[in-house]
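Q: Attaching a single structure in structure tokens format; questions to follow.
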Amino acid sequence: MKVAVVGVTGMVGEVMLKVLKERHFPVTELIPVASEKSVGKIISFKDKDYQVVSLATAVSMKPDIALFSAGGETSLEWAPKFAEIGTTVIDNSSAWRMDLNKKLIVPEINAKSLTKSDKIIANPNCSTIQMVMALAPLHKKYKIKRIVVSTYQSISGTGVKAIKQLENELAGIKGEMAYPYPIHKNALPHCDVFEENGYTKEEMKLVRETQKILDDKSISVTATAVRIPTSGGHSEAVNVAFETDFDLTDVRQILDNTPGVVVQDNTDVNMYPMPIYAHGKDDVFVGRIRRDESQPNTLNLWIVSDNLRKGAATNTIQIAEYLVKHQLV
Ligand code: 2RA
């Protein structure tokens, strides 16, 4: 497979290279792609050196698959150009996620909907992926009515500038700010920009993408997304009301039997998921599983996952694996 990684010098791009190698994805030729300022840089992949090329050069090289993590503008302009020459694009930006003609895929949930004609496939937002990974099997059994989610998101989701701001704050250095406020010893209820309705884009992604992935617009979702100075992954407190009652043992068994989900839940020994331990892993970790005693048919969960892996790079590559396995590329 000739594979282009667009945004190869970014945080997600770097994790994509790592995961492609770890999972022995059948890359016969890598095409590392970045902005003009990085063209010519050398990228090592599986003990071979490759030169970073521009987007136009990458299109001319006709990759089989292009894994994008280069922002929405780049994706809107260039994904169609790759698709036109037959490349299958899997894009991490929000550009195509809500497009009615594009599929929004978490392989364990809805990869079966993919066909050869899907040339631009959207990878969901990290905080959506980890939530639907745990909720999809429960929705199938108990039908979700409403979700209330609060997220506690690693600053790695904001990008390098925020990580640098936190490092500077920890070192007592005044530097460039990714946020108008300190990150260290703080919690910022501000992930991405605010929309007209007072919610942030991050919060509305949790609403809109969840309904699309679970293919059920009747599911009500409300979200509060908070940025905290952790590394390793995003955490989410999820309160989910079902149409019917559930059995807690059954809920645990369903989650235990869901590929890609690991239940870590034993308060007798203080066992629960934490981002510092989820870092570098591809699973979605679920704990603090308990009935919401304030209203019927409602469950509380704590969900943690590495936002750069299952939340971005690994999910993207799992989509590519599905395409290769089912000869859709
Ligand atoms: C964030 N999910 O964490 C977004 C984009 N990575 O900021």
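Throughout, read-outs are computed from the coordinates displayed, never taken from laboratory work. Because the structure is a prediction, the values reported are computed rather than measured. Positions of Cβ are backbone-derived with ideal geometry, glycine not excepted, and every protein chain shown enters the neighbour counts.
Q: Tally Lys/Arg at +1 and Asp/Glu at -1 over every other residue whose Cβ is under 12 Å from the Cβ of residue 200; what's the total?
A: So the surrounding residues net to -2.
Q: Based only on other Cβ atoms within 10 Å, what is the fewest-to-most ordering of 103, 310?
A: Going from least to most buried by this count: 103, 310.
Q: Let me ask something additional. Of the peptides 275-288, 179-192, how do they stack up when ordered by the mean number of other Cβ atoms within 10 Å, highest first?
A: Highest to lowest by the protection proxy: 275-288, 179-192.
Q: Charges on Cβ only, +1 for Lys and Arg, -1 for Asp and Glu, centred on the Cα centroid of the range 127-307; of 142, 275, 211, which one is farthest towards the dipole's positive end?
A: Highest projection toward the positive end goes to 211.
Q: Oh, and also: Let's test the formula: R0 of 35 Å, r as the Cβ-Cβ distance of residue 100 and residue 174. What FRET efficiency results, to the nearest 0.05?
A: The pair residue 100/residue 174 has a calculated efficiency of 0.15.
Q: When ranked by the protection proxy of mean other Cβ atoms within 10 Å per residue, highest first, what sequence do the peptides 111-119, 266-274, 60-68, 135-143 form?
A: Highest to lowest by the protection proxy: 60-68, 135-143, 111-119, 266-274.
Q: Label-point separation (nm) for residue 77 and residue 257, each offset 7 Å from Cα along Cα-to-Cβ?
A: A separation of 5.0 nm, rounded to one decimal place.
Q: Report P(r) for the range 127-307: all Cα-Cα distances, bin width 5 Å, range 0 to the bin holding the largest distance, values in whole percent.
A: Taking every Cα pair in the range 127-307, the percentages come to 1, 8, 16, 19, 19, 15, 10, 6, 3, 1, 0.
Q: Which whole-number percent is the relative contact order of the chain (Cα, under 8 Å, 6+ apart)?
A: 18 percent
Q: Going 7 Å from the Cα of residue 216 in the Cα-to-Cβ direction, what parts of the range 242-273 have a backbone nitrogen less than 11 Å from that spot?
A: 242-244
Q: While we're looking at this one, here's another question. Relative to the first principal axis of the alpha-carbon coordinates of the chain, what is the inclination of helix 201-213, with its axis defined by its Cα atoms, in degrees from 0 to 90 and to the nearest 10?
A: The angle comes out near 90 degrees.
Q: Run the numbers for residue 164 and residue 248: contour at 0.36 nm per residue of separation, minus the present Cα-Cα distance, in nm.
A: Extending this stretch completely gives an extra 26.0 nm.
Q: All other residues with a Cβ under 9 Å from the Cβ of residue 168 taken together, and with Lys, Arg as +1 and Asp, Glu as -1, what is their net charge?
A: Once positives and negatives cancel, what remains is -1.
Q: Report, to two decimal places, the Cα Rg of the chain normalised by 2.2 N^0.38 Å (N = number of residues).
A: Relative to the 2.2 N^0.38 Å estimate, the chain comes out at 1.00.
Q: I want the local charge near residue 84. Using Cβ-Cβ distances under 14 Å, sum +1 for each Lys or Arg and -1 for each Asp or Glu among the other residues.
A: +2
Q: I'd like the orientation of helix 72-84 relative to the chain: the angle between its Cα long axis and the longest Cα principal axis, in ° from 0 to 90, rounded to 10.
A: Here the helix axis deviates by roughly 60 degrees.
Q: If R₀ is 22 angstrom, what is the calculated FRET efficiency for the pair residue 113 and residue 141, using the beta carbon separation as r and rounding to 0.05?
A: Efficiency for this residue pair is about 0.60.
Q: Just name one of 90, 15, 170: the one whose Cα is farthest towards the positive end of the charge dipole of the chain (beta-carbon charges, Lys/Arg +1, Asp/Glu -1).
A: Highest projection toward the positive end goes to 90.
Q: To the nearest Å, what is the center-to-center distance of the range 156-234 and the range 255-280, using C-alpha atoms only?
A: 23 Å
Q: For residue 310, go through the lysines and keep the ones whose alpha-carbon is under 16 Å away, minus same-chain ones fewer than eight residues off.
A: 18, 21, 281
Q: Please report, in debye to the nearest 20, how large the charge dipole of the range 127-307 is about its Cα centre when each Lys and Arg carries +1 at its beta carbon and each Asp and Glu carries -1 there.
A: 240 debye
Q: Can you compute 3J(HN,Hα) from phi for each residue in the range 277-285, using the Karplus curve 6.51 cos²θ - 1.76 cosθ + 1.60 with θ = phi - 60°, rounded to whole Hz and x for Gly and Pro?
A: Along the range 277-285, the couplings run 9, 7, 4, x, 10, 9, 7, 9, 9 Hz.
Q: Here's something else I'd like to know. Which of rounded, prolate, oblate describes the range 71-200, given a ≥ b ≥ c as roots of the alpha-carbon gyration tensor eigenvalues and a/c under 1.5 marking rounded, otherwise prolate only if a/b is larger than b/c?
A: The shape class here is oblate.
Q: Relative to the longest principal axis of the chain, what angle (0 to 90°, nearest 10) does the C-alpha long axis of helix 126-142 take?
A: Rounded to the nearest ten degrees, it is 50.
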